[in-house]
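Report on one structure; see the data block that follows.
The values are calculated or read from the model by the stated rules, or taken from the named source; none is laboratory data. Every value quoted in this text rests on a predicted model; they were computed, and no experiment measured them. When we count neighbours, we look across all protein chains shown, and the Cβ atoms used for this are built from the backbone with ideal geometry, even at glycine. Ligands, DNA and RNA are stripped out before the accessible areas are found, and what is left, the full protein with its side chains, is counted by its heavy atoms. Shrake-Rupley method; radii C 1.70, N 1.55, O 1.52, S 1.80 Å.
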Amino acid sequence: MNKKIVLTGDRPTGPLHLGHYVGSLRNRLVLQETCNQFVMLADVQGLTDNVENPEKIANNILEVALDYLAIGIDPTKTTIFIQSMIPEIAELTVYYLNLVTVARLERNPTVKNEIHQKGMEKNVSVGFLAYPVSQAADITFLNAELVPVGHDQLPVIEQTVEIVRRFNRIYGEVFVEPQAMMPSNEEVGRLPGIDGKAKMSKSLGNAIYLSDEPDELLKKVMAMYTDPEHIHVEDPGKIEGNTVFMYLDIFGTDKEQIVQLKEHYQRGGLGDVKVKRYLNEVLQAFLEPIRTRRKELAKDPAAVMDILKKGTAATRERAAVMMQKIRQAMKINYF
Ligand code: TRP
């Protein structure tokens, strides 16, 4: 009963890919065994920069839920819920807005970077600028202790901790200070895109999706970035920065075989096509059971939505209890 409360979430803006798997999904499979894990479909946050595309967010709720279930997130161990269906989060966000200055939000490096990337410098909405405040509400309405996130989310978690400290100082100790949980080392915590760029992402168009069909997967693997100076088969090749070998290190199961391939590649005489064919086999074997399970689950979308509905109902019960404590601490529990 004394399990740690863990919260993570994803903006439902598209199906999940191998980068999500390496950066967070596989960690969730571990955490659900020992912690009280909540996984949130962050549709409210997704809407902050998809104002004009509500159907994109709505459609991806099911897609992302299918990805979760297909990789083995188990609804009897992990509570999956939808952010917008917990109005307490919105309520708490309003209270927190008083505890943060506009200047502090404008200085948040993650938000700053996103504003720049999306070209929103001149017209950023209040909702987008303040998403870290809403995220602080996500984390604290459950009094979550652990928040597994990628390195780029660290400034957002820091902002949550500041809000918690300020809240606790003014209103009394209501919240625990949440802790960010990072992938143990940057190399295995982040998967490069198939183009070799540092990050796999939908917007960069360099992603392999958990739901990719075998032929799409093959096409992507064959187009992968390798060693640009490895032109002739007999040339010695580099494995550092070589995407194909980085993927093999993460997804390969026959470590012996990989060591031999690396040696051969560095020595010369091993062509990219051969290594890619091997990686294709490895990834097909990895994705095949996920894809099969996903298709099976997709046959009954109502059953998947029911899992979300139950998870959301259970989460709301907790939210109500927590909100009473919060309102009491803030002296706004009139009746
Ligand atoms: N900001 C996170 C992302 O973009 C998603 C998210 C929303 C989240 N609320 C959260 C993550 C609460 C952890 C905890 O990936």
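Mind putting a number on the dipole of the chain about its Cα centre? Charges go on the C-beta only, +1 for Lys and Arg and -1 for Asp and Glu, and I need it in Debye to the nearest 20.
Result for the chain is approximately 1000 debye, rounded to the nearest 20.
The apolar share of the surface of the range 99-219, taken as the fraction of accessible area on carbon and sulfur atoms (1.4 Å probe, ligands and nucleic acids excluded), comes to 53 percent. Phi-derived couplings, Karplus 6.51 cos²θ - 1.76 cosθ + 1.60 at θ = phi - 60°, listed residue by residue for the range 16-28: 7, 10, 4, x, 5, 4, 5, x, 8, 4, 5, 5, 5 Hz, with x used for Gly and Pro.
How far is the Cα center of the range 212-244 from the Cα center of the range 99-118, in Å? Their Cα centres are 38 Å away from one another. Taking each residue as 0.36 nm, the span from Met222 to Ala313 lengthens on full extension beyond its C-alpha to C-alpha distance by 28.3 nm.
Sorting the segments 113-125, 66-78, 256-268, 87-99 by their mean number of nearby beta carbons within 10 angstrom, highest to lowest, gives 66-78, 87-99, 256-268, 113-125.
Say R0 is 30 Å: what FRET efficiency, to the nearest 0.05, do Glu121 and Ile332 get from their beta-carbon distance?
0.25
Under 5 Å between amide hydrogens, built in the peptide plane, is the criterion, and for Asn206 it picks out Ser201 among residues at least 5 positions away or on other chains. By the equivalent-ellipsoid construction on the alpha carbon gyration tensor, the range 186-335 comes out with semi-axes of 46, 20, 13 Å, ordered largest to smallest.
As a quick test, which of the pairs Lys77/Lys299; Lys56/Lys197; Lys77/Lys310 have an alpha carbon distance above 20 angstrom in this structure?
Exceeds cut-off: Lys77/Lys299; Lys56/Lys197.
Dipole of the chain computed with +1 at Lys/Arg Cβ and -1 at Asp/Glu Cβ about the Cα centre; of Ile258, Gly127, Asn2, farthest Cα towards the positive end is Asn2. A Stokes-Einstein calculation at 20 °C with viscosity 1.002 mPa s, built on the Kirkwood radius of the range 77-210 over Cα pairs, returns a diffusion coefficient of 130 µm²/s. The angle between the Cα long axis of helix 131-140 and the longest principal axis of the Cα atoms of the chain comes to about 80 degrees, rounded to the nearest 10.
Of all beta bridges DSSP finds with both residues in the chain, what is the antiparallel percent, to the nearest 5?
Just about 5 percent of them are antiparallel.
For the range 214-295, evaluate the Debye formula with one uniform point scatterer on each Cα (no solvent term) and list log10 I(q)/I(0) at q = 0.10, 0.16, 0.18 Å⁻¹, rounded to two decimals. Treating every Cα as an identical point scatterer, log10 I(q)/I(0) equals -0.24, -0.58, -0.72. Distance between the modelled labels on Glu158 and Lys197, one decimal in nanometres: 2.6 nm (7 Å Cα→Cβ projection). Charge dipole (Cα centre; +1 on Lys/Arg Cβ, -1 on Asp/Glu Cβ; no other charges) of the range 176-335 amounts to roughly 1240 debye. Measuring how big the chain is from its alpha-carbon positions, Rg and Dmax come out at 22.0, 80 Å. Residues whose amide H lies under 5 Å from that of Gly9, counting only those 5 or more places away or on a different chain, are Met40; hydrogens are built 1.01 Å from N in the peptide plane. Distance between the pseudo-spin-label points of Met305 and Gln260 (7 Å out from Cα toward the beta carbon): 5.2 nm. With R₀ set to 45 Å, the beta-carbon distance separating Glu296 from Glu173 gives a calculated FRET efficiency near 0.45.
So if R0 is 25 Å, what FRET efficiency would Arg277 and Leu204 give, r being the distance between their Cβ atoms, rounded to the nearest 0.05? Between Arg277 and Leu204 the formula returns 0.50. Applying the Karplus relation 6.51 cos²θ - 1.76 cosθ + 1.60 with θ = phi - 60° to the range 321-335 yields 3J(HN,Hα) values of 4, 5, 5, 4, 4, 5, 5, 5, 4, 8, 6, 10, 9, 5, 10 Hz, where x marks Gly and Pro. Once the gyration tensor of the Cα atoms in the range 1-97 is diagonalised, the equivalent ellipsoid follows with semi-axes of 23, 19, 10 Å, ordered largest first.
Given Cβ point charges of +1 (Lys, Arg) and -1 (Asp, Glu) and nothing else, what value in debye, to the nearest 20, does the dipole of the range 182-273 about its Cα centre take?
About 300 debye.
The residues of the chain present an accessible area of 50 Å² per residue when probed at 1.4 Å with all protein chains retained.
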